[in-house]
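Trainee: Before I ask anything, let me first share the structure, which is written out below as structure tokens.
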Amino acid sequence: MRDIARWSPPVFFPIGAESGAAGIGATLELNIASAGGAASDALVNVLIANAVAGSSTVLATTTGANGRASVTYNPNTSYPVAAFIMPKAGLWSWAQSYPQNGMTIQLPELPRNGPLGWWHWLLGMTNYADQRGQGIRVGVVDTGVGPHPYLQHVQSAGAFINGGADTSPNAAKDVADHGTHVTGIIAAKPTSGSKDFGGICAGAEVFVARVYAGGGPAGQEGTASNGDIASAIDALASTQHVDVMNLSLGGPAPSEIEADAIMSAIEAGVLVICAAGNGNGAPVVYPAASPGAVAVSALGIPGTFPSGSIDALSVPQQADHFAASGIYAASFNNIGPQVACVGPGVGIISTVPHSGPGKPAYAAMSGTSMASPAVCASLAAILSQDQTYRKMPRNAARAQYAWNVLARGLRQLGLSSQYQGFGLASTLP
């Protein structure tokens with residue numbers, strides 16, 4: 001089974017946390033607000049420590065229309081250690097230590113100074129172009145996509161759930177927000193003058209395959225099976241004939257059926273790019289660690305997010321995680337010899353599902369899930385300009401050529417290879 005590779009905040013307690021009840025007797029009520037008023041529909045995870053048992057429990061709830069969220073716990077044995085607030089859209093997430101009953105937490109608004117963000121500049125982009133990446137087909141295996149007004153050009157490759165394949169028109173609709181965020185990093189086409197952030201290769205043809213059924217805890221995406229992921233890879237390679245493919249998902253155990261699907265995709269000329277995982281120094285997850293896959297870890301830059309945000313928890317304590325320029329390898333990264341390269345992956349602002357009136361929805365997320373599509377899209381932007389590549393037959397030599405193009409553009413940052421692989425990706429040939 002595979003989880004998405006969006007980073008969740010760590011639990012700072014000596015014993016592993018478990019989701020569940022924390023007793024009754026006391027209530028922690030929090031008021032979540034922004035400059036625009038109450039922050040409704042925000043996910044709030046409260047870490048409750050049990051001082052007697054030496055354990056901890058994470059209680060999940062959401063804010064109502066008034067911005068309030070509450071959990072109950074037993075004050076004789078337990079106390080709130082932290083609250084992690086993840087708003088729906090438009091606001092930075094927040095990590096509040098030792099929250100107090102009745103506290104109001106003000107979430108800062110996300111910047112709207114696009115179409116380029118710091119992650120575009122880091123990849124070598126100096127301007128946004130709707131046509132960048134034209135002629136290249138990009139596949140995405142994720143929680144689905146949309147609806148979103150800036151992703152209307154993205155095409156559905158269907159849903160692959162429980163061994164079945166659904167190719168109906170709305171089959172790839174996002175069951176969470178992860179897939180829409182990933183796809184927006186690649187391909188968002190904001191309205192001119194909106195100051196919303198654009199995709200790295202917005203001119204590419206993008207096909208999204210959904211492999212998550214949804215219905216997980218607190219409305220999350222749940223997990224995806226290895227077989228369904230393999231089916232999605234096969235479909236994108238053999239039916240949509242994509243050139244590059246992004247998988248921002250993973251798990252600790254290898255899967256033969258996934259590995260076979262990746263090798264088949266390579267033989268069909270597809271380079272498969274995967275998130276390395278967010279296990280805080282654990283080994284690289286699968287399928288990123290599978291033979292032939294390109295494993296991507298995440299970078300951050302201090303000052304690109306508020307100091308109290310969840311994203312700020314990605315700043316490492318170890319000096320060897322920082323390059324001389326101040327760029328750092330995120331503390332949540334999985335590490336190892338399988339890491340091929342790095343891309344921007346901390347506090348990335350991209351699209352999340354949106355319909356109806358109001359500003360098109362954006363949210364900030366961190367994780368190797370964000371770094372992987374940034375690398376994938378950067379490669380697509382380069383390949384679109386490479387006439388030799390575009391004339392090659394769809395076989396393993398074409399996938400190898402794509403890797404060679406990616407590798408030639410990687411920029412060494414001076415970090416250990418277990419953190420950066422061969423370096424930082426670029427949109428420049």
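The values are calculated or read from the model by the stated rules, or taken from the named source; none is laboratory data. Small disclaimer: the values here were computed from a predicted structure and weren't measured. Every residue, glycine among them, receives a Cβ derived from its backbone with ideal geometry; neighbour counts consider all protein chains shown. The protein model used for the area step is the full one, side chains on, heavy atoms only, and it has no ligands, DNA or RNA in it. Shrake-Rupley method; radii C 1.70, N 1.55, O 1.52, S 1.80 Å.
Trainee: Given the peptides 357-363, 145-151, 341-347, 416-422, arrange them by the average over their residues of other C-beta atoms within 10 Å, most packed first.
Mentor: On the way: 357-363: 16.3, 145-151: 22.9, 341-347: 29.6, 416-422: 19.3.
Ranked from most to least packed, the peptides come out as 341-347, 145-151, 416-422, 357-363.
Trainee: DSSP loop trypsin sites (Lys or Arg not before Pro) in the range 43-123 with at most 15 other Cβ atoms within 10 Å of their Cβ, which ones?
Mentor: Details: sites: ARG68, LYS88, ARG112; in loops: LYS88, ARG112.
Listed in order of number, the matching sites are ARG112.
Trainee: Follow-up question, since we're still on this one. Enumerate the amide H contacts of ALA282 below 5 Å, restricted to partners 5 or more residues apart or on another chain; note that Pro and chain-start residues carry no placed amide H.
Mentor: ILE335
Trainee: Right, next: With θ taken as phi - 60° and the coefficients 6.51, -1.76 and 1.60, list the Karplus ³J(HN,Hα) couplings across the range 287-293 in order, rounded to whole Hz; mark glycine and proline as x.
Mentor: Taking θ as phi minus 60°, the curve returns x, 4, 7, 6, x, x, 7 Hz for the range 287-293.
Trainee: Explain nothing, just the number: dipole magnitude of the range 176-237 about its Cα centre with +1 on each Lys and Arg Cβ and -1 on each Asp and Glu Cβ, in debye rounded to the nearest 20. Please report the intermediate quantities before stating the final value.
Mentor: Working: 3 positive and 6 negative charges, 42 e Å.
My answer is approximately 200 debye.
Trainee: Using a Gaussian network model of the chain with C-alpha springs under 10 Å, which one of ALA39, ALA275, ALA377 is most mobile by mean-square fluctuation?
Mentor: Of ALA39, ALA275, ALA377, the most mobile in the Gaussian network model is ALA39.
Trainee: Specify, per residue and in Å³, the volume enclosed by the convex hull of the alpha carbon atoms belonging to the range 289-403. List each step's numbers first, then the result.
Mentor: Numbers: hull volume 19.2 nm³, N = 115.
For the range 289-403, the hull spanned by Cα atoms encloses 167 Å³ per residue.
Trainee: Follow-up. Give the peptides 288-295, 59-66 in descending order of average Cβ contacts within 10 Å, highest first.
Mentor: On the way: 288-295: 23.4, 59-66: 16.0.
Ranked by mean Cβ neighbours within 10 Å, highest first: 288-295, 59-66.
Trainee: To check you understand DSSP bridge types, tell me what percent of the beta bridges within the range 25-108 (both residues inside) are antiparallel, rounded to 5.
Mentor: Details: 28 of 31 bridges.
That works out to approximately 90 percent antiparallel.
Trainee: Now, a different point. Going from most exposed to least, what order do TYR73, TYR328 have by accessible area with a 1.4 Å probe? Don't jump to the answer; show the numbers that get you there.
Mentor: Values: TYR73 35, TYR328 0 Å².
Largest accessible area first, the residues go TYR73, TYR328.
Trainee: Using alpha-carbon pairs under 8 Å, 6+ residues apart, how would you state the relative contact order of the chain in percent?
Mentor: 17
Trainee: Okay, next question. List the relative contact order of the range 298-391 as a percent without decimals, with contacts defined as Cα pairs under 8 Å and 6+ residues apart.
Mentor: Contact order relative to length: 28 percent.
Trainee: Further, regarding this structure: Relative to the longest principal axis of the chain, what angle (0 to 90°, nearest 10) does the C-alpha long axis of helix 368-383 take?
Mentor: With rounding to tens, the tilt is 20 degrees.
Trainee: Still on this structure, I have one more. How much of the DSSP bridge set in the chain is antiparallel, in percent, rounded to the nearest 5? Numbers along the way, then the final one.
Mentor: Details: 44 of 78 bridges.
About 55 percent, rounded to the nearest 5.
Trainee: Can you give the Rg to Rh ratio of the range 201-316, both from alpha-carbon atoms, with Rh computed by the Kirkwood formula?
Mentor: Working: Rg = 15.9 Å, Rh = 15.7 Å.
Using only Cα positions, Rg/Rh for the range 201-316 is 1.01.
Trainee: Report the calculated FRET efficiency for ASP320 and TYR98 (r = Cβ-Cβ distance, R0 = 45 Å), to the nearest 0.05. Please report the intermediate quantities before stating the final value.
Mentor: On the way: r = 31 Å, r/R0 = 0.69.
E(calc), rounded to 0.05, equals 0.90.
Trainee: Considering only the range 247-371, what is the antiparallel percent among its DSSP beta bridges, to the nearest 5?
Mentor: Roughly 45 percent of the beta bridges in the range 247-371 run antiparallel, per DSSP.
Trainee: Regarding the range 195-262, what's the average projected area of the Cα-atom convex hull, expressed in nm²?
Mentor: 6.6
Trainee: Roughly speaking, what is the centre-to-centre gap between the range 144-171 and the range 342-418 when only Cα atoms are used, to the nearest Å?
Mentor: 20
Trainee: Relative to the compact globular guide of 2.2 N^0.38 Å, what is the alpha carbon radius of gyration of the range 34-98, as a ratio?
Mentor: Numbers: Rg = 13.0 Å, N = 65, 2.2 N^0.38 = 10.7 Å.
In units of the globular-protein estimate, the range 34-98 measures up at 1.21.
Trainee: Next question. How high is the relative contact order of the range 92-212, given as a whole-number percent (alpha carbon pairs under 8 Å, six or more residues apart)? Provide the component values of the computation, followed by the final result.
Mentor: Details: 229 pairs, mean separation 44.8, N = 121.
About 37 percent, as a whole number.
Trainee: Can you list the equivalent-ellipsoid semi-axes of the chain, largest first and in whole Å, using the square root of 5 times each Cα gyration tensor eigenvalue?
Mentor: They are 35, 22, 22 Å, listed from largest to smallest.
Trainee: Return the sequence-ordered ³J(HN,Hα) values of the range 304-319 in whole Hz as given by the Karplus equation 6.51 cos²θ - 1.76 cosθ + 1.60 applied to θ = phi - 60°, using x for Gly and Pro.
Mentor: Whole-Hz 3J(HN,Hα) from phi for the range 304-319: 9, 8, x, 5, x, 6, 4, 4, 5, 5, 7, 5, x, 8, 7, 5.
Trainee: What whole number of Å gives the distance from the Cα centroid of the range 268-315 to the Cα centroid of the range 35-56?
Mentor: Comparing the Cα centres of the range 35-56 and the range 268-315, I get a distance of 25 Å.
Trainee: Where does helix 396-409 land angle-wise versus the long Cα axis of the chain, in degrees 0 to 90, nearest 10?
Mentor: For helix 396-409, the angle is close to 60 degrees.
Trainee: Assign unit charges at the C-beta atoms only (+1 for Lys and Arg, -1 for Asp and Glu), then state the dipole size of the chain relative to its Cα centre in Debye, rounded to the nearest 20.
Mentor: Details: 18 positive and 23 negative charges, 177 e Å.
Taking the Cα centre of the chain as origin, the dipole is about 860 debye.
Trainee: Using only the alpha-carbon atoms of the range 128-236 as identical scatterers, what base-10 log of I(q)/I(0) does the Debye formula give at q = 0.12, 0.22, 0.23 Å⁻¹?
Mentor: -0.39, -1.10, -1.17
Trainee: So which aspartates and glutamates pass the test for LYS359, namely a Cα distance under 15 Å, with those fewer than 8 places away in the same chain ruled out?
Mentor: Counting by Cα, and skipping residues close in sequence, LYS359 has these aspartates and glutamates nearby: GLU109, ASP196.
Trainee: Let me ask you something else. Which loop trypsin sites (Lys or Arg not before Pro) in the range 331-395, with loop taken from DSSP, have no more than 16 other Cβ atoms within 10 angstrom of their Cβ? Kindly include the intermediate steps, with their values, before the conclusion.
Mentor: Numbers: sites: ARG390, LYS391, ARG394; in loops: ARG394.
The qualifying sites are ARG394.
Trainee: Roughly how big is the range 118-237's charge dipole about its Cα centre, with Cβ charges of +1 (Lys, Arg) and -1 (Asp, Glu), in debye to the nearest 20?
Mentor: On the way: 6 positive and 10 negative charges, 62 e Å.
The calculation lands at about 300 debye.
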